[in-house]
Every structure is written in C-alpha cells, then in structure tokens.
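Structure first, then comments.
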Amino acid sequence: MERTREKFVIAGLDFALKDGENPSKPKKLDEKQEAFLIATACSNPPEGRVRWTMQLLAEHLVKVGIIDSISDEIIRQTLKKMKLNRG
C-alpha cells in the first residue's frame, strides 16, 4: 500500500495503478567481493572465535578494504543466496 500511495502522490492515479516494471536494485557486492566473502566465510574464524558471524564477516570486509561499508544483513542474504548460511 505504501508504494501505491507514494506513486499516487508523485504521478497520479493512472501511474499508481499501473503495474509497471520495477527496476532491480544494484548489487551491493560484485562477483570478486562475493568470492572473497565466501572464501572468508569458509576459512577458519578469527582467533578466539568458534565461527564467523555475519557481523564479523561484515567488519572483516571493511577492515581489509574490500568495501567501504556493508550491513550484516547483506552478508546474510549473500550467503543465503550461495547456500552457505548455516543458521
């Protein structure tokens, strides 16, 4: 409903009711960044940790300069897409 209301305010009733193509959002990680994430997730976790967490992976990608910023949710979605999210 919120999107329809927003479309109506922006461009009127006809535009709001038209079910047009929705442009896809740009990917947060390119293929090289995804490959690095997967390799990291499959590697040994940092010392003192039993496993990688989504937050640890996000912080690691930023720390090593792979990406400027990223949320742990994007990490989760990427790993889920690759079927590497274990829980």
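All of the numbers you see were taken from the coordinates with simple rules; none came from a lab. Computed from a predicted model, the values in this text were never measured in an experiment. With ideal geometry, Cβ positions are generated from the backbone for all residues, glycine too; neighbour counts draw on all protein chains shown.
Just checking the listed ones, L13, L37, L61: in the Gaussian network model of the chain with Cα springs under 10 Å, the one fluctuating most is L13. Which listed residue (M54, I67, I10) has the Cα farthest towards the positive end of the charge dipole for the chain, taking +1 on Lys and Arg C-beta and -1 on Asp and Glu C-beta about the Cα centre? In the chain, that residue is M54.
Name the most mobile residue of E47, E73, E34, meaning the one with the largest mean-square fluctuation, in a Gaussian network model of the chain with Cα contacts below 10 Å. Top of the fluctuation ranking is E47. If the viscosity is 0.692 mPa s and the temperature 37 °C, what translational diffusion coefficient in µm²/s does Stokes-Einstein give for the range 45-84 when Rh comes from Kirkwood over Cα pairs? The diffusion coefficient I find is 312 µm²/s.
Result for the chain in a Gaussian network model with C-alpha springs under 10 Å: among S24, S69, S43, the largest mean-square fluctuation is at S24. Taking 19 Å as the cut-off, the amide N atoms of the range 25-52 that come nearer than this to a point 7 Å along the Cα-to-beta-carbon line of K81 belong to 25-42. Across all directions, the average flat footprint of the convex hull enclosing the Cα atoms of the range 19-68 is 4.9 nm². Between 0 and 90 degrees, the angle of helix 2-11 with respect to the longest Cα principal axis of the chain falls at about 50 degrees. Pairs spanning more than 22 Å between alpha-carbon atoms, out of K7/K81; K7/K27; K32/K63; K28/K81: K7/K81; K7/K27.
Comparing the chain with the 2.2 N^0.38 Å rule of thumb, its C-alpha radius of gyration ratio is 1.54 (two decimals).
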